[in-house]
Amino acid sequence: MKVVKFILGTDCVVSADMAGYLNFWAMNPHPHKGKRLAFVINQNNKEKIDRGHGPELNLLNFAIRGIDYDPENQMLYTGDESGYMQKWNISVLLEKMEASTKTNKPEKN
């Protein structure tokens with residue numbers, strides 16, 4: 001794991017690893033705490049390599065070095081070790097997390 005960012009105002013944390021994966025994890029008090037909810041791969045369409053497995057070029061994954069979050073727009077920003085920056089809209093993921101929290105809350109008597 002290279003970088004971890006707590007998504008303020010949510011029960012979510014995002015981590016990035018050496019293979020270029022962004023992993024979204026549920027935290028306490030979310031009903032699915034400790035489980036990976038989703039992942040995306042940080043691939044850059046401008047960087048491709050011939051791996052010798054056919055005529056097509058393969059996309060490269062780059063390790064993410066920095067993560068920041070804009071809570072107002074629910075956007076995640078990443079910077080990788082090749083110098084590229086990406087903007088990720090995570091609003092749908094956060095909406096699904098919130099809906100899951102509401103539907104999985106224990107009933108109070």
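Annotations for the structure displayed:
- Hits in segment 2-61 (condition: surrounded by fewer than 16 Cβ atoms within 10 Å (Cβ to Cβ), β-branched (Val, Ile, Thr) and at pLDDT 90 or above): Val4, Val13
- The number of residues in segment 65-83 being more than 15 Å from Ala19 (Cα to Cα) and assigned to a loop (DSSP other than H, G, I, E, B) comes to 5.
- Hits in segment 25-47 (condition: within 24 Å of Gly83 (Cβ to Cβ) and in contact with a strand residue (DSSP E or B) (Cβ under 9 Å, 6 or more places away or on another chain)): Phe39, Val40, Ile41, Asn42, Gln43, Asn44, Asn45, Glu47
- Selected residue [exposed (fewer than 11 other Cβ atoms within 10 Å of the Cβ) and at pLDDT below 90] from Lys105, Lys96: Lys105
- Residue in segment 65-85 that is small (Gly, Ala, Ser), within 10 Å of the chain's Cα centre (by Cα) and at pLDDT 85 or above present: no
The values are calculated or read from the model by the stated rules, or taken from the named source; none is laboratory data. Just so it is clear, the model here is predicted, and its values are computed rather than measured. Positions of Cβ are backbone-derived with ideal geometry, glycine not excepted, and every protein chain shown enters the neighbour counts.
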